[in-house]
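Here's the structure, in structure tokens; my notes come after.
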Amino acid sequence: MRLRQTDTPLLAAMQHYVKEEVIPFHTPGHKQGKGMHHTLERIIGRGTLALDLALMEELDDFHEPYGCIKDAQELAAQLYGADHSFFVINGTTGGIYAMILAVAGPGEKIIVPRNAHRSIIGGIILSGAIPIFMQPEVDNDLGLAMGVTPETVENTVLQHPDAKGVLIINPNYYGVAVDLKKIVNLVHKHNMVVLVDEAHGPHLCFSNRLPIQALDAGADICAQSTHKIIGALTQCSLVHCREGRIRVPHLKAMLQLTQSTSPNYIMLVSLDVARMQMALEGPKLIERSIDLANWTRQEINKIPGLYCFGSEKKGDPGIFDLDPTKVTVTVKGLGLTGPEAERILRHQYKIQVELSDLYNLLFLITLGDREQEVHLLVAALRDMAEKYAKSYDFSLLERCINAPYPVAPQGVLSPREALFGNTCMVPFAHSAGMICAEIVTFYPPGIPVVCPGERITQEIIDYCQLLQQSGMHVSGPEDYTLKTIKVVD
Ligand SMILES: Cc1ncc(COP(=O)(O)O)c(C=O)c1O
């Protein structure tokens, strides 16, 4: 029987099982809620707990699907235009681990942006691959790392023709997209795989007012956080791939390696239903989110002291396109830092941001928002701007942020070798020449200054100390004061 996008094969199989009133001599041990403590049972509800099921013939095999899971994944592939799609239940993190493991093995090179999400570094550590870093562009006014340019990608590829693949983050957390089509074409000319961390892009294909999605730009493989932007439960993501450069059985093996043998069916079914929802209503829902976000951006830009960047930034280095549903509000014009503004919004206005950084707040406008929410947001920002503006001098910080960035350090060992070798803590001030065994990053702009396996230089030490003296916080090292650093012994 031909599958249709209105179908939800996994949901149908689960509901059929529950309807049959089978006596369950199988996991999970709470037996559809009956054995669960009543506090938890009441919170989750019997109806949901009845669907907390286990692998069995009629509910298919997550790792070797032949039935309802296979059908549900095929429908996802059809919707997104993939040759194969896979459900992932440990987030895009799990998907990225599997993608990297599928493309680059121990000692093989993989080209990645230096501001890679920790899941990318994690995948590289797991695989034992050698990262070749590309420097992203930085917008110093906003204090944000943007995308990599096609020129940066091309130069890196030419310098490392033996690399197995190029991983691109697209769009980034703030909705900034690179010229992905151009990058894919040039990487493919060198016969390398293009992997895309599309954690923030499961909605891109539902509107032509959004950046192009990875598969449409010709990428070989991508991972999307269905849970972040559209209707699946937290931790539920999709990996999509095209045949050709990706060896699908190998990818499947890597997905098996990185995922549980006991997938949560409630999570799995949320992917099935989220796909159906997008197939039926995706364009309408996403267009509405874009309209709401555009209105919000326009109103925020009328508030003195606030700036919400938009399409005027397109064409700046590393900003080819923009997802307008990511609303980034720069608050430094109010003399507030991002974390200060975050706390004010949370405690005075009961509004929670997605994240804050030194200068900015990020708000996500999704299919879950209505006019009422964005009106309240704009009103709260207007009130905050009137009541809480102060005069904080950012000039010292700005001088530091604009200080010349240290030359990219030399990679001596793979991150995996550095991490699993003998390590010891040494005074940071005296670590020049040693091989780092941890990541040191300052926000902004969130680009690691040194990564595991790289040689620490005096220039790096001086730069980090300058940033620390200006009050910027370091992220990554065990000793967050950075008085000491972990190095390879
Ligand atoms: C760019 C990027 N990639 C990957 C991830 C990991 O996604 P997940 O939280 O679904 O594991 C995140 C999470 O924030 C992210 O921002």
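The values are calculated or read from the model by the stated rules, or taken from the named source; none is laboratory data. Quick caveat, the model's predicted, so the values are computed rather than measured. All Cβ positions, even for glycine, are placed from backbone atoms using ideal geometry, and neighbour counts span all protein chains on display. These accessible areas exclude ligands, DNA and RNA; they are computed on the full protein's heavy atoms, side chains included. Shrake-Rupley method; radii C 1.70, N 1.55, O 1.52, S 1.80 Å.
Observations on the structure shown:
- Of the peptides 276-288, 259-271, the order by per-residue mean of other Cβ atoms within 10 Å, starting with the highest, comes out as 259-271, 276-288.
- The slack between Asp83 and Asp61, meaning 0.36 nm per residue of separation minus the straight C-alpha distance, is 5.9 nm.
- Across the range 35-190, Cα pairs under 8 Å and at least six residues apart give a relative contact order of 16 percent.
- From most to least packed by mean Cβ count within 10 Å, the peptides 463-471, 362-370, 174-182, 439-447 give 174-182, 439-447, 362-370, 463-471.
- The 3J(HN,Hα) values that the Karplus relation (6.51, -1.76, 1.60; θ = phi - 60°) gives for the range 383-396 are, in residue order, 5, 4, 4, 6, 8, 10, 4, 9, 10, 9, 8, 8, 5, 5 Hz. Gly and Pro appear as x.
- Candidate lysines - alpha carbon under 27 Å from Lys181, same-chain residues fewer than 8 apart omitted: Lys109, Lys164, Lys189, Lys228, Lys252, Lys284, Lys313, Lys314, Lys326
- The relative contact order of the range 209-287 comes to 29 percent, based on Cα pairs under 8 Å that sit 6 or more residues apart.
- Solvent exposure of the range 345-385 as accessible area per residue, Å², 1.4 Å probe: 48 Å²
- The chain, relative contact order [Cα under 8 Å, separation at least 6], %: 14 percent
- Taking amide hydrogens as placed 1.01 Å from N in the peptide plane, the amide H of Ile439 sits under 5 Å from that of no residue at least 5 positions away in sequence or on another chain.
- Solvent exposure of Phe420, expressed as accessible area, is near 150 Å², computed with a probe of 1.4 Å over the protein chains only.
- Global geometry of the range 112-260, whether rounded, prolate or oblate, following the gyration tensor of its Cα atoms and the 1.5 cut on a/c: rounded
- The label point for Tyr480 and the one for Leu355, both projected 7 Å from the Cα toward the Cβ, are 1.6 nm apart.
- Loop-resident sites, the range 387-489, for trypsin sites (Lys or Arg not before Pro), counting at most 12 other Cβ within 10 Å (DSSP): Lys390, Lys483
- Computed helical MRE - 222 nm, the chain, DSSP H runs ≥ 4 contributing -39500 (n - 2.57), nearest 500: -11500 deg cm²/dmol
- A 1.4 Å probe run over the protein chains yields, for the range 391-438, 57 Å² of accessible area per residue, whole-number rounding.
- Rounded percent of accessible protein surface that carbon and sulfur make up, the chain, 1.4 Å probe: 52 percent
- Remark: the range 218-258 carries 39 Å² of accessible area per residue (probe radius 1.4 Å; ligands, DNA and RNA excluded).
- Two-site label geometry, Glu398 and His375: point separation in nm, points 7 Å out along Cα→Cβ: 3.7 nm
- Virtual paramagnetic centre 7 Å along Cα→Cβ of Arg2, amide N under 18 Å, in the range 60-78: 71-72, 74-78
- Cα centroid separation, the range 359-385 to the range 232-246 (Å): 31 Å
- For the pair the range 150-209 and the range 80-149, the centres of their Cα atoms are 10 angstrom apart.
- Segments 347-358, 19-30 sorted - mean Cβ within 10 Å per residue, highest first: 347-358, 19-30
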